[in-house]
2 protein chains.
Amino acid sequence: MQQPPPNQHALPEADQPAWLLELARLLGPTGLYVPGLNASEHDLQPHEQDWRGRYRGKALALARPASTEEVAAVVHACGAHGVSIVPQGGNTGLVGGGIPDGSGRQMVLSLQRMNRVLAVDPANLSMSVQAGCTLAQVQEAAHAHGLLFPLSLAAEGTCTIGGNLATNAGGTQVLRYGTARELCLGLEVITAQGEVWSGLSALRKNNTGYDLRDLFIGSEGTLGVITAASLKLFPRPASQVAALVACPSLDACVGLLQMARQALDAQLTAFEVMARLPVALVEKHLPDTAQVSRSLNAPEWTVLVEVSHTRAHEQGEALQALLAHAISQGQAVDAIVSQSDAQRQAMWALREAIPMAEKAEGLMVKHDIGVPTSQVPAFVRDTQAALAQSFPGHQLVCFGHLGDGNLHFNVGAPVGREAKAFVQQHEVRINHVVYDEVARFDGTISAEHGIGQLKRDELAQRQSPTALALMKAIKQALDPLNTMNPGRVL
Amino acid sequence: MQQPPPNQHALPEADQPAWLLELARLLGPTGLYVPGLNASEHDLQPHEQDWRGRYRGKALALARPASTEEVAAVVHACGAHGVSIVPQGGNTGLVGGGIPDGSGRQMVLSLQRMNRVLAVDPANLSMSVQAGCTLAQVQEAAHAHGLLFPLSLAAEGTCTIGGNLATNAGGTQVLRYGTARELCLGLEVITAQGEVWSGLSALRKNNTGYDLRDLFIGSEGTLGVITAASLKLFPRPASQVAALVACPSLDACVGLLQMARQALDAQLTAFEVMARLPVALVEKHLPDTAQVSRSLNAPEWTVLVEVSHTRAHEQGEALQALLAHAISQGQAVDAIVSQSDAQRQAMWALREAIPMAEKAEGLMVKHDIGVPTSQVPAFVRDTQAALAQSFPGHQLVCFGHLGDGNLHFNVGAPVGREAKAFVQQHEVRINHVVYDEVARFDGTISAEHGIGQLKRDELAQRQSPTALALMKAIKQALDPLNTMNPGRVL
């Protein structure tokens with residue numbers, strides 16, 4: 001964890017640099033918080049640390065621009081005065097990408113005041129929004145037009161769509177609708193030079209030069225600041241049915257997934273897995289939430305499968321038929337199909353309670369890995385074996401988005417050992433074991449959480465030299481002064 | 001049209017540069033064709049001109065490498081000797097992106113010998129292929145595993161998947177499955193420095209640094225050479241039903257599209273429109289092919305709508321219900337639903353016969369434009385009005401992928417006037433009128449065909465200075481010597 005240096009920057013007005021005073025005048029009293037000038041330490045603090053308490057820094061100031069032009073002015077002024085910029089959305093990230101360093105020399109640029117829905121175009125199935133809209137706000141604006149913006153993740157009430165795009169967020173609906181990248185039609189971006197790139201296209205097809213949009217998506221604020229986005233919408237499902245399925249093995253889960261894709265086609269909207277331990281942890285710490293799965297009798301693996309359709313009462317039968325067939329083929333041993341929307345939501349609550357139950361159990365070494373879906377069973381088997389050799393008795397909390405080959409693969413202390421001490425002592429070696437196996441299966445060390453500060457060194461070690469050289473050339477070309485979120489990703 | 005200079009480069013062996021002889025030894029007699037050394041003019045000619053006869057150049061030599069390493073060797077050697085490279089797939093492009101200039105100093109690099117399917121992974125719904133596989137070959141390899149690779153376009157028997165990705169090809173299934181970009185999971189690319197970037201990932205989610213994959217996709221060979229790709233597969237539909245629908249107006253077509261999306265969800269796999277004139281041209285020049293639409297009595301607009309499902313006999317009823325509802329609402333006036341796969345294919349044959357019928361009618365000024373779907377009726381109305389002012393009596397062949405907002409919008413001479421003379425005289429002004437309207441509707445001058453040589457100047461004029469500056473910075477960073485397909489795109 002970084003320790004902030006003593007605060008040396010809370011200067012009275014007379015000692016503030018002229019450009020900062022000028023910027024403060026331009027943005028107004030709610031647009032730029034400068035400690036000692038118009039703000040206290042207290043005002044900046046929520047923006048200087050992450051919610052997990054892993055990163056804590058010290059900002060020069062906090063910019064809260066209200067328009068694209070104001071963002072451009074901040075970027076321009078900072079660039080001219082050698083001050084680097086840390087863009088920040090809802091500050092819900094997991095890898096320290098939006099937290100300033102401890103130097104007291106970085107500008108935190110919060111997009112939270114840019115939270116307007118700009119337009120909804122139902123006939124084009126698209127909408128445009130400012131970057132500071134929360135994901136929930138975007139979902140609701142679509143909903144108000146009878147449409148669906150399908151990106152969905154735990155932090156959706158707080159995280160912003162700009163942050164979702166800057167980190168290419170995933171979540172629970174990727175299997176059917178894709179990641180944030182695939183849901184974006186266009187962007188408006190302030191470049192490192194403070195120029196506005198107006199790429200807010202609402203087109204499905206556009207082959208006019210290089211794909212700037214996808215270069216900015218997932219670049220974690222290191223190439224520019226996303227100020228607005230044009231997004232894909234979908235018809236809203238009129239009916240959704242979920243099932244919890246008991247599977248005898250992870251191989252059986254993969255077999256069931258294949259059967260489900262064939263039988264349900266694009267109606268299959270989610271396929272999540274949970275090993276026995278994460279479900280047991282929910283039973284232990286949140287027993288009411290675990291109630292929904294009780295009749296399955298603690299299977300080795302529990303699958304949450306969901307089908308959706310824009311026509312009401314469309315897919316219950318297809319799902320029932322699929323599950324009966326899967327049981328007859330030995331891919332499943334038991335199943336519960338939701339009989340109401342409340343029961344469906346209870347199934348999701350079980351799945352979504354895992355991180356909280358895990359936290360209640362104690363600290364763990366967390367991973368957000370991805371391998372080809374077909375390789376998931378072998379990966380889990382081999383990695384568990386490798387971990388068992390070095391860390392006998394370790395606990396493995398394994399769950400996630402099997403339909404995307406993306407697992408949360410979290411390693412904790414053996415029963416009876418102190419969790420925090422175990423993590424502190426073994427984190428580096430556990431990462432090494434897990435990421436070596438990921439590499440062996442042509443996987444990724446960050447499927448949906450990004451790189452930020454947390455995995456930068458790991459990326460530098462594990463990415464191919466050619467890929468790194470290409471990325472560094474792009475960074476150098478677009479941000480030659482290295483003012484955009486330096487020290488993140490690369 | 002470019003005229004090749006007199007051939008000054010067919011030198012006997014003694015006069016060939018040493019590096020070229022060395023490269024010829026490395027690649028073997030079928031790997032490098034050098035005029036005067038081991039090849040005649042005749043061998044190179046098919047690679048020096050496009051199939052429409054619009055571009056004709058003169059190559060220094062034709063490289064036909066058989067492996068990734070050989071591609072790297074060609075790129076490396078050419079870079080070291082100031083020879084630029086024109087990558088070429090099936091040479092089916094429409095914008096001159098794969099044709100050498102007339103200097104006799106460019107190396108054409110054909111990927112056609114790299115045509116192996118590397119692996120199919122049904123449980124991951126993915127496959128990896130070399131870049132020189134034809135699209136049809138990729139489709140067939142998926143089909144052999146009971147799966148679908150959905151990219152589909154007229155040139156599929158000849159075009160290569162490498163070319164499809166380099167140009168981000170579209171086609172008739174984009175509405176449901178996306179463009180080539182959205183169907184690609186990973187790439188192997190030879191950089192301008194002759195290095196191999198092994199990005200053949202088969203992952204659905206991977207957030208480890210900048211999105212190099214999407215930067216190379218659609219860059220038309222100007223940043224590197226795609227040598228292999230990892231592709232998404234889908235369950236293969238077991239049933240497909242199509243309908244031809246007579247609509248009273250383009251507004252009604254858009255209304256029908258919205259109804260179809262809501263009623264059919266992801267089962268909707270195509271939504272094509274044809275104005276009256278293109279259907280009439282098929283009736284005139286290919287009367288047998290037009291037979292399928294006769295009973296509709298020449299409507300203002302004909303829609304081809306298709307639904308697919310992995311379950312057999314799934315969607316006929318839903319489509320029938322949709323069309324009955326559309327007729328009751330005035331969005332449609334009549335419809336024919338396919339009663340057999342032969343009839344479905346006959347409907348597609350009508351749609352796909354339009355370019356041939358158009359060609360039989362005479363030369364036209366062609367456009368591949370896109371606007372938001374909701375704006376299509378207003379765009380067509382306004383552009384027709386603007387054209388009518390300057391070119392009274394002009395014929396407009398308007399058809400295309402309404403579901404993607406992508407129209408082929410081709411302007412021909414008034415009846416009785418000589419087509420070629422009209423095109424030669426008015427092409428520049430017609431483009432000006434059409435592209436001004438495209439800009440007014442926030443559209444694109446190239447929805448699916450790319451930029452190549454044909455639209456480079458238009459792009460430079462119409463793209464924003466900020467976007468152009470970003471693209472040029474990327475080009476300069478990744479290809480500082482400008483050896484990769486120079487003069488294309490930028």
Worksheet item: Given the protein assembly as shown reduced to its alpha-carbon atoms as identical point scatterers, what log10 I(q)/I(0) does the Debye formula return at q = 0.06, 0.09 Å⁻¹?
Response: -0.45, -1.03
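Take the Cβ-Cβ distance between residue A:429 and residue A:327 as r, set R0 to 41 Å, and report the resulting FRET efficiency rounded to the nearest 0.05.
After rounding, the FRET efficiency stands at 0.50.
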Worksheet item: Can you give the convex hull volume of the alpha carbon atoms of the range B:1-160 per residue, in Å³?
Response: 115 Å³
Practice prompt. Working from the alpha-carbon coordinates of chain B, get Rg over Rh, Rh being the Kirkwood radius.
Written response: 0.98
Worksheet item: What's the Cα-based Rg to Rh of the range B:19-99, Rh via Kirkwood?
Response: 0.96
Item to complete: Mind listing the label-point distances from residue B:429 to the same position on all other copies, shortest first, one decimal in nm, points 7 Å along Cα→Cβ?
Response: 8.1
Worksheet item: Sorted from largest down, what three extents in whole angstroms do the Cα atoms of the range A:181-265 have along their principal axes?
Response: 56, 29, 22
Worksheet item: So, how do all the Cα-to-Cα distances of the range B:359-432 break down into 5 Å bins, in percent, from 0 on up?
Response: 3, 16, 28, 24, 17, 9, 3, 0
Discussion item. Suppose a student asked you for the relative contact order of chain B, using Cα pairs under 8 Å spaced at least 6 residues apart; what percent would you report?
Written reply: 14 percent
Practice prompt. Evaluate 2.2 N^0.38 Å with N set to the residue count of the range B:237-371, then give the Cα radius of gyration divided by it.
Written response: 1.04
Fill in: Positive-end residue of B:480, B:371, B:395, charge dipole of the range B:371-490 with Cβ unit charges
B:480
Practice prompt. Over the alpha-carbon set of the range A:172-315, divide Rg by the Kirkwood Rh and report the Rg/Rh ratio to two decimals.
Written response: 1.12
Worksheet entry | Relative frequency of Cα-Cα separations exceeding 19 Å in the range A:311-462, percent | 63 percent
Worksheet item: What 222 nm value per residue comes from the helices of the protein assembly as shown, counting each DSSP H run with n ≥ 4 as -39,500 (n - 2.57) and dividing by all residues, nearest 500 deg cm²/dmol?
Response: -10500 deg cm²/dmol
Worksheet item: Could you give the distance between the Cα centres of the range B:237-297 and the range A:71-147, to the whole Å?
Response: 42 Å
Item to complete: Express the C-alpha Rg of the range A:419-458 as a ratio against the empirical globular expectation 2.2 N^0.38 Å, rounded to two decimals.
Response: 1.27
Item to complete: Compute the label-point distances linking residue B:143 to its equivalents in the other copies; points lie 7 Å from Cα along Cα→Cβ; give nm, one decimal, shortest first.
Response: 4.5
Discussion item. Restricting the calculation to Cα positions, tell me the Rg (one decimal) and the Dmax (whole number) of the range B:86-206 in Å.
Written reply: 14.7, 49
Fill in: Within straight-line cross-link reach of residue B:359, lysines at Cα separation under 19 Å, skipping those fewer than 8 residues along the same chain
B:284, B:420
Worksheet, complete the sentence: Over the range A:301-395, with neighbouring protein chains present, the accessible area per residue in Å² at probe 1.4 Å is 42 Å²
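Longer than 20 Å from Cα to Cα, which of A:232/B:472; B:366/B:455; A:205/A:232; A:475/B:472; A:455/B:205 are they? Say none if no pair is.
Numbers: A:232/B:472 28 Å; B:366/B:455 12 Å; A:205/A:232 12 Å; A:475/B:472 14 Å; A:455/B:205 16 Å.
Violating the 20 Å limit, Cα to Cα: A:232/B:472.
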Worksheet, complete the sentence: Expressed in µm² per second, the diffusion coefficient of the range B:293-354 from the Stokes-Einstein equation, with Rh the Kirkwood radius over alpha carbon pairs, at 20 °C and 1.002 mPa s, is 167 µm²/s
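The values are calculated or read from the model by the stated rules, or taken from the named source; none is laboratory data. Worth saying up front: this structure is predicted, and the values here are computed from it rather than measured. As a convention, Cβ positions derive from the backbone with ideal geometry for all residues, glycine included, and neighbour counts pool all protein chains shown. Just the protein is used for accessible areas: all its heavy atoms, side chains included, with ligands, DNA and RNA removed. Shrake-Rupley method; radii C 1.70, N 1.55, O 1.52, S 1.80 Å.
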